[in-house]
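The values are calculated or read from the model by the stated rules, or taken from the named source; none is laboratory data. Being a predicted model, the structure only gives us computed values, none of them experimental. Because the Cβ atoms are built from the backbone with ideal geometry, glycine has one as well, and the counts that use them run over all protein chains shown.
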Amino acid sequence: MAMPLPFAENCIYRGARKLGCNMKHVSPSNERNLMDDRIPMTKEGFEKLSRQLEEMKARRPRISRAIAEARDKGDLEENAEYHAAREETGLNEARIRELETRLAKAYIVKPSKTGRIQLGSKVTVLDLDEEFEEVFFLVGSGEDDHTQNRILTTSPFGAAMLEKKKGDTFEVDAPAGKLRFKILEVE
């Protein structure tokens, strides 16, 4: 079952931090708490977490069968299979609760056509020191994957390029010193 996609409308952002939204149904005293709990993510990230949740839920019957089979083998105190299956149940249920909570708090950030870098942007940068081009995707929590250049907006590199536009330069502090980049393309 696909989960509905929550969208953030009329929100003001400074980088990855939401400053405020036009939410008439939320009282002013509760608005701050609601905004602090919300998790911005791309549509792809939301769908990825939804698929993970469905996979975790699909594991439940297999784990239950493993517990039943281990229980049938006799003494539970010294039954390693039983204890392993019970531990797997606990880990699986914890991950299900975590995913359900994240998805419940999630809202989809729609890409805007402002030309500025934001969550969901595909950015081509030039390393000014090494003269090397690279493409990055700015993503929300849980969507990051360094092997595919999907970086968090809250990472030092992601945060340094937020709100920049094509042609801008930025610096990132790294253990090796300051790294300098120029933005070549924003999609």
Review point. Of Glu81, Glu100, which residue is within 21 Å of Gln52 (Cβ to Cβ) and acidic (Asp, Glu)?
Key: Glu100
Check your understanding: Can you tell me which of Thr147, Thr124, Thr89 is surrounded by 15 or more Cβ atoms within 10 Å (Cβ to Cβ), farther than 30 Å from Ala66 by Cβ and of a type outside the set (Asp, Glu)?
Key -> Thr124
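Listed here are the residues, each with its yes/no results for (1) assigned to a strand (DSSP E or B); (2) closer than 21 Å to Leu49 by Cα; (3) not hydrophobic (A, V, I, L, M, F, W, C).
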{"residue": "Pro111", "(1), (2), (3)": "no, yes, yes"}
{"residue": "Gly120", "(1), (2), (3)": "no, yes, yes"}
{"residue": "Glu130", "(1), (2), (3)": "no, no, yes"}
{"residue": "Gly167", "(1), (2), (3)": "no, no, yes"}
{"residue": "Lys178", "(1), (2), (3)": "yes, no, yes"}
Exercise for review: Would you check if there is a residue in region 79-98 being modelled with pLDDT of 90 or more, touching a strand residue (DSSP E or B) at 6+ places or on another chain (Cβ under 8 Å) and assigned to a helix (DSSP H, G or I)?
Suggested key: no
Practice item. Of all residues in region 78-101, count the ones that are touching a residue at least 24 places away in the same chain (Cβ under 8 Å) and acidic (Asp, Glu). Key: 2
Check your understanding: Which residues, taken from region 104-121, are surrounded by 16 or more Cβ atoms within 10 Å (Cβ to Cβ) and either touching a helix residue (DSSP H, G or I) at 6+ places or on another chain (Cβ under 6 Å) or acidic (Asp, Glu) (or both)?
Key -> Ala106, Ile108, Ile117
Exercise for review: State yes or no: is Leu179 surrounded by 13 or more Cβ atoms within 10 Å (Cβ to Cβ) and under 23 Å from the mean Cα position of the chain (by Cα)?
Suggested key: no
Exercise for review: Looking at (1) more than 21 Å from Lys178 (Cα to Cα); (2) in contact (Cβ under 8 Å) with a residue 12 or more places away in the chain, find the lone condition where Val125 falls short.
Suggested key: (1)
Review point. Which of the residues spanning region 114-138 are within 11 Å of Glu187 (Cβ to Cβ) and charged (D, E, K, R)?
Key: Lys122
**Study point:** Glu133 vs. criteria more than 21 Å from the chain's Cα centre (by Cα), in contact (Cβ under 8 Å) with a residue 24 or more places away in the chain and surrounded by fewer than 17 Cβ atoms within 10 Å (Cβ to Cβ)
**Key:** yes
Practice item. For region 158-165, state whether one or more residues are surrounded by fewer than 14 Cβ atoms within 10 Å (Cβ to Cβ) and part of a helix (DSSP H, G or I). Key: no
